[in-house]
Amino acid sequence: MKLSIVTTLYRSAASIEEFCRRAMTAAQAVTEDVELVMVNDGSPDDSLDLALKLHRSDPRIVVVDLARNFGHHKALMTGLAHASGDLVFLIDSDLEEQPEDLALFYQRFRQGDCDVVYGILESRRGGFLEKMPGALYFRLLELLSDHPIPRNIFTARLMTPDYVRALLRHRDREFSISHLWQVTGFRQQPIALEKLSLSPTSYTFKHRIELAIRDITTTSSRLLYLIFYVGISIFGLSVVVVLYFLGRYFTSGIGVDGFTSEIVSIWFLGGLITLILGILGIYIANILAETKRRPYTIVRRIYRADHVSVTAPTAVRISARGTLPDTSAKR
């Protein structure tokens, strides 16, 4: 059995050597046939140089160098496209997810009732104010997303190649990988683990808000229905109010006046219309990104033990079924 470990590199210089040592040690306890695929996601530090040094000393290490930074989730998908193992272990390289947990994933996988074993946090790190944004985020996804994701899910997961191939068939350009994990289906089982807090998170409050907006608008059609129902409700309420004031005028002669009520109603409806147009604009922007049909990532070079492979400029090939990641150099 061959095991592929897939990870990404971005500002990973401080942890990459220890990660490789611990990951390889954990993998060798499962099988002797191991490969480690590291995707350099345009890291601005010397992560690539350190990865290439490890690659030269260990032929089992494969380095995929992207042309620029494309984002964590797209880099993960690129790494999965270059994995060739009978099992694939996906994990971040910052050592907050411990490579030694592979033994727990494999032990759960060997029960034979699942195609994927994924990790969830036993409890979120930080105090109440730090936990609250995460809780609100998952609550919003549960309410609005068409396919809610498990709470407190993280990157580490052990997968069969059939599941990985099915996952790579998704051609979304704007996506959350946790959503794709869920909609791909197959038999998935969670295990509760701890995630270490070795460094402050790079996800600022603004970044979290942007992620939440992207995740909801790329995974939810319920929000569009909610806008429709809000519009219907306001229209119905306005008809009732108009009929009420007309009836009062014709029966009692009492007219309607007041500058304040007019301004309040204008501001309310104006703000609501602006909000609705903004939401629709985000959906239209996502549609525009999908219609461009750009590749997930552009691979500059793939470093393997026997040769250095230079990919085509677009790193995609055209098949009868559409545009797929270029994996011609991975074997």
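The values are calculated or read from the model by the stated rules, or taken from the named source; none is laboratory data. All values reported here derive from a predicted model rather than from experimental measurement. Quick reminder, even Gly has a Cβ in these numbers, built from the backbone with ideal geometry, and neighbours come from all protein chains shown. Only protein heavy atoms, including side chains, enter the accessible area calculation; ligands, DNA and RNA are left aside. Shrake-Rupley method; radii C 1.70, N 1.55, O 1.52, S 1.80 Å.
Compared with the direct C-alpha span, the chain from L243 to D33 gains 67.9 nm at full extension, assuming 0.36 nm per residue. Taking a Cβ cut-off of under 9 Å around C114, the surrounding Lys, Arg, Asp and Glu residues balance to a net charge of 0, with basic ones at +1 and acidic ones at -1.
Label-to-label distance, R300 versus T274, with points set 7 angstrom from Cα along the beta-carbon direction: 4.3 nm. Note on exposure: E17, E35 ranked by accessible area (1.4 Å probe, complete protein assembly) read E17, E35, with the most exposed listed first.
When nucleic acids and ligands are ignored and a 1.4 Å probe is applied, R151 ends up with an accessible area of around 100 Å².
Using the Cβ of E97 as centre and a radius below 12 Å, the other residues enclosed give a net charge of -3, where K and R count +1 and D and E count -1. For region 17-115, the per residue solvent-accessible surface stands at 38 Å², with DNA, RNA and ligands left out and a 1.4 Å probe.
Taking K and R as +1 and D and E as -1, what net charge do the other residues with C-beta under 13 Å from the C-beta of P44 add up to?
-2
Take each peptide in 90-100, 185-195, count the other Cβ atoms within 10 Å of every residue, and average; sorted highest first, the result is 90-100, 185-195.
Only protein heavy atoms count here; under a 1.4 Å probe, F154 has an accessible surface of about 20 Å².
Surface composition of region 1-109: carbon plus sulfur atoms hold 47% of the accessible area, using a 1.4 angstrom probe and ignoring ligands, DNA and RNA.
Residue separation of I284 and Q189 scaled by 0.36 nm, minus their Cα-Cα distance, works out to 30.7 nm of gained length.
Pair-distance distribution P(r) for region 31-123, from all Cα-Cα distances in 10 Å bins starting at 0: 13, 43, 34, 10, 0 percent.
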